[in-house]
Amino acid sequence: MSQPVFTGARDALIVVDVQQDFCPGGSLAVPDGDTVIPVINRLIPRFGRWVFTRDWHPPDHVSFSEHPEFKDGSWPPHAVQGTPGAQWCPGLEMPMNAILVSKGDDPRREAYSAFQVPHFDLEEFLRSRQVERLFITGLATDYCVRQTTLDARAAGFTVFLVEDAVRGVSPETTAAALAEMEAAGVIRIRSDEIVDSGERPPADYDEHGEPLPK
Ligand code: VGL
Ligand code: ZN
């Protein structure tokens, strides 16, 4: 381990789009996409806050094409609401109290990033809970991971990209995305460098389900 980073109360793990259509056998399969699952499962217990995002498209989403070119704006139908392809990949151990952010549900608009959804202000949600650092995992490095990571940096968070917990659609766009993220100040880290300090964030609710003051 080169440089351990200790997780604590001001950290959140972000898990981007680990859904069946992005894993082997899916309509928009990311090469080796399923290899991120055990890595993410090992990271989950080192955190006290988790945001899981999912692509959640209507059947007539603007990005869908009959002759997909597998690039921006021209994808095969994928992650259609309520279909098996939109479900989590088998084996992903999402905590019961993770935050779920659905995106891409407007048929007319692409939404690669969890910070771009009109119905939920993720930045405000995290800020109001004193979150400062985000650890980004999931699929795909060159699209939704890239945009989520860049938006997180633009919002002022310290951002770690967990490089063995992400996979990309193509080598060229993945290399370009990694360079772009690094230029934006994103810190690349391996999952084995992330160590649990044991510190946890305060609870959001009491034992009766009433919100606690922040
Ligand atoms: C994604 C392409 C289209 C992703 C989503 O999750 O990275 N890529 N929709
Ligand atoms: Zn999509």
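The values are calculated or read from the model by the stated rules, or taken from the named source; none is laboratory data. As the structure is a prediction and not an experimental result, all values here were calculated from the model. In this analysis, Cβ positions are derived from the backbone assuming ideal geometry, glycine residues included, and neighbour counts consider all displayed protein chains.
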Residues of the stretch 31-55 that turn out to be closer than 14 Å to Ala86 by Cα and touching a helix residue (DSSP H, G or I) at 6+ places or on another chain (Cβ under 8 Å), as a count:
3
Say we look at the stretch 92-104 and pick out the residues that are out of contact with any strand residue (DSSP E or B) (no Cβ under 7 Å at 6 or more places or on another chain) and modelled with pLDDT of 95 or more; which of these is surrounded by the most Cβ atoms within 10 Å (Cβ to Cβ)?
Leu92
Let me confirm something: among Val15, Val30, Val39, which residue is more than 11 Å from ligand 1 (Cβ to nearest atom), surrounded by 24 or more Cβ atoms within 10 Å (Cβ to Cβ) and of a type in the set (Val, Ile, Thr)?
Val15
Do we have Gly104 as within 11 Å of ligand 1 (Cβ to nearest atom) and in contact with a His (Cβ under 7 Å, 6 or more places away or on another chain) here?
yes
How about the stretch 59-73: which of its residues are within 11 Å of ligand 2 (Cβ to nearest atom) and at pLDDT 95 or above?
His61, Val62, Ser63, Phe64
Tell me which residues, restricted to the stretch 1-41, are among the polar types (S, T, N, Q) and closer than 23 Å to Gln116 by Cβ.
Gln19, Gln20, Ser27
2 or more residues over 20 Å from Thr7 (Cα atoms), out of contact with any Leu (no Cβ under 8 Å at 6 or more places or on another chain) and not aliphatic (A, V, I, L, M): qualifying strands (runs of 3 or more DSSP E) within the stretch 83-187
99-103
